[in-house]
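The structure appears below as structure tokens.
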Amino acid sequence: MTLDERAGLALEAARPRTANPGLLALGMDGFAGFIDRMDQMRRALADLAELGDATVARGASRLGAQLDLVEPAITFIGQVKAGKTSLINAMAGWPGLLPADVNPWTSVVTSIHIAPAWSTEAAGANFRFFDPQEWDRLIEKGGRMGELASRAGAEEELEKVRRQVERMREKSKGRLGRRFELLLGQEHRYGKFDEELVERYVCLGDDFEDDEGEPFDMRGRFADITKSADLHVSHANVPFKLCLRDTPGVNDTFLMREQITIGAIRDSRLCVLVLSAHQALSSVDMALIRLISAVKAREVVIFVNRIDELPDPAAQIAEIRDSIRATLARHEGPADAPILFGSAVWGQHALEGTLAQMSADSRKALIAFARSENASGDGPQDAIEGVWRLSGIPALYRALGERVAEGVGGEAIDRIARSVGNLARGVTAAQRSIGLAVAGGQAVTLDAARISRQLDQIEQRTTALLETAFAAQREAFGVRLDRSHHNFLDRATAALIEHLEKHGEGTVWSYEPTGLRLLLRTACQVFGKRMQDDARAILETAAAEVAATYRAAFGLTEALAIEPPEPPRLNPPVAIAQTIALDVKGTWWRRWWLRRKGYRSFAAEFYKMIREETAPILDELSHDHAEAIHADLLRTLAGFLEEQREIVTALAEKAAPTAQDLGAALGYQARAERLRQIETAVATMRQEAA
């Protein structure tokens, strides 16, 4: 039986198996506000669906489907050996789900999608492999590290990268045989999974063979070529959908994992930086600081793990916190990000009910920390819950809960609430018009084709306005990026010349690219803010024109307010965080320096190398980053207008009621009153959340 045939066999259900699964509920209270708003929105949609109107029911069903898709994603990045994966496993309530001893080569982004036990979400796993183009870039050029070394003329470093790549290639072919090339760009899907299956794709281990000499089902068989893994887990104590995303480390010889982690952060609104209590923000972690600096401070939480290995956690925490704050301030990091402390190991022992198996040192640290926190309990369950709290995981969930409620989760609910209000107002206008007509003994006739043409014209006008605004702002953005780039290159080259004049060529000079990142980040912020302001005005224009269409179609004389959507949030410009040649302080930089002869050669070659090294970052910002904003804006406008088109045309195409039907008129009026009540309830919920 081949591996692919065995892939179709049933494995154990994707549900945590721990002694104390209920512990996960402790900390979920931080999401109470978010969950309450979700429940209120579901009740409002249920009320809409019960009105007995097909148009309203369709709209409620569509908005309910959008609500079901809300899944806040939290991306975890961290130091090597900080216990990041163990922390994620504990937060998922499933110790051992992801292998915590992965080989440093592993480049897999693993997303654990947790759904409530009552959810109808399909369980299973999906593993995607690198496509041939990505693999070729790594093999032929050694990834970004190879490109960087090539630009710097560091032949020895480049050759070392190539040897490592070739060794990786041969190792992968040895594992996968003739199927290696065929697997690139493919994916494997499973209806169920267990820890052993996960290890095949995300953990590199030793090669093992069966009796016939054919390797199969071994630990990490596909890990070399696996790019991403999505695991779908259900949990009785998680009241809403949540995604926990584990990323590779950023200290990669090829800088390939850095690019992968950057992509993961770009797709998330929340980032948890996991540090080890032993090496919190040491000098090797500047890449992590660069990554989180590209994200808003309110969207970053710092978790210092492994305090179970400190001799006296309570006494040392304040010192570690102060050190982290100072490092963040020194390197332009998110100085206001909350810093939490805990131990994934304690959390794991609490979940599994294995407190007695804790090491002596860990138990000693736990007792000392418990005394400082005044944590005590009378019974075994109290002790387990106390250890769970001291692990810091409930506090981390609470911090994340606050940010979900005011960030990605709250924005998603508010977006749906706006649509509910617009649906209620539109249908209320139609009901009022129809009710008055029936009460007056008149038939109602609405020209659906004419309404559709008017909505098409609105879309054409507002889309043209949006395209014009974007083109202007993008041009200004490009000018700011170029100006920032040239200013940095001029300053850096001037600093190099000054160094050479003072110290000559015998002392190796270095220059931090932090200034360039700050300039580029400011340019992105200005572009994003101005584009959002323009988009907000255009969306308001579209909403006003839709409202006018409603009024004309239904013969209304009073004002009708259609609320425009908010412009989409801006993705963080994380491309700014990628490693630049000046970030690398290895031996190749010294070799580059020693090969230069004469001040002019230093200055000219330095300018050229750094320009070529940083130009791709500017290209990505001016194209990929800007185009992502452009696409989101167009999608928001198109979605809003399509939503209005569905409502208006559905109402217009209704069969006109017969005249002189007072009972029908009263029915319309009753439904209109109920719609107004729902609209008021949703508006109140939004005001309270604000």
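The values are calculated or read from the model by the stated rules, or taken from the named source; none is laboratory data. This one's a predicted model, so the numbers in the text were calculated from it and none came from an experiment. Cβ atoms come from the backbone with ideal geometry, glycine included; neighbour counts cover every protein chain shown.
A few remarks follow.
- From Leu51, Leu69, residue being surrounded by fewer than 23 Cβ atoms within 10 Å (Cβ to Cβ) and free of Cβ contacts under 8 Å to residues at least 12 places away in the same chain: Leu69
- Looking only at residues of segment 479-509 that are under 19 Å from Asp619 (Cβ atoms) and of a type in the set (S, T, N, Q), we find that the one that is surrounded by the fewest Cβ atoms within 10 Å (Cβ to Cβ) is Asn487.
- Residue within segment 577-590 that is polar (S, T, N, Q), crowded, with 17+ Cβ neighbours inside 10 Å and touching a Leu at 6+ places or on another chain (Cβ under 6 Å) present: yes
- Matching option when the condition is closer than 30 Å to Thr463 by Cα, outside any helix (DSSP H, G or I) and in the same structural domain as Glu646 (by TED's automatic domain parsing), among Ile562, Ile538: Ile562
- Screening Thr468, Thr514 for residues that are on the phi < 0 side of the Ramachandran plot and modelled with pLDDT of 90 or more leaves exactly one candidate, Thr468.
- Members of segment 511-536 that are loosely packed, with under 15 Cβ neighbours inside 10 Å and over 30 Å from Ala494 (Cβ atoms): Lys529, Asp533, Arg536
- Selection status of Ala370, assigned by TED's automatic domain parsing to the domain that holds Gly96, surrounded by fewer than 16 Cβ atoms within 10 Å (Cβ to Cβ), modelled with pLDDT of 80 or more and more than 33 Å from the chain's Cα centre (by Cα): no
- Within segment 226-249, the set of residues being surrounded by fewer than 21 Cβ atoms within 10 Å (Cβ to Cβ), outside any strand (DSSP E or B) and small (Gly, Ala, Ser) comprises Ala236 only.
- Condition met for Val274 (modelled with pLDDT of 80 or more, assigned to a strand (DSSP E or B) and touching a strand residue (DSSP E or B) at 6+ places or on another chain (Cβ under 8 Å)): yes
- Each residue in segment 36-89 was checked for being closer than 30 Å to Glu679 by Cβ and part of a helix (DSSP H, G or I), and 29 of them qualify.
Table: residues versus (1) among the β-branched types (Val, Ile, Thr); (2) under 19 Å from Gln525 (Cβ atoms); (3) under 18 Å from the mean Cα position of the chain (by Cα).
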site	(1), (2), (3)
Arg266	no, yes, yes
Leu270	no, no, yes
His278	no, no, no
Asp308	no, no, no
Pro311	no, no, no
Ile320	yes, no, no
Ser323	no, no, no
Ala335	no, yes, no
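- Flag for Pro248 being within 23 Å of Arg128 (Cα to Cα) and either out of contact with any Ser or Thr (no Cβ under 9 Å at 6 or more places or on another chain) or at pLDDT below 85 (or both): yes
- Residues of segment 373-405 classified as among the polar types (S, T, N, Q) and at pLDDT 90 or above, total: 1
- Pairs meeting the criteria (first residue in segment 613-633 and assigned by TED's automatic domain parsing to the domain that holds Phe477, second residue part of a helix (DSSP H, G or I) and of a type in the set (Ser, Thr, Tyr), beta carbons under 7 Å, at least 6 apart or on different chains) are lacking.
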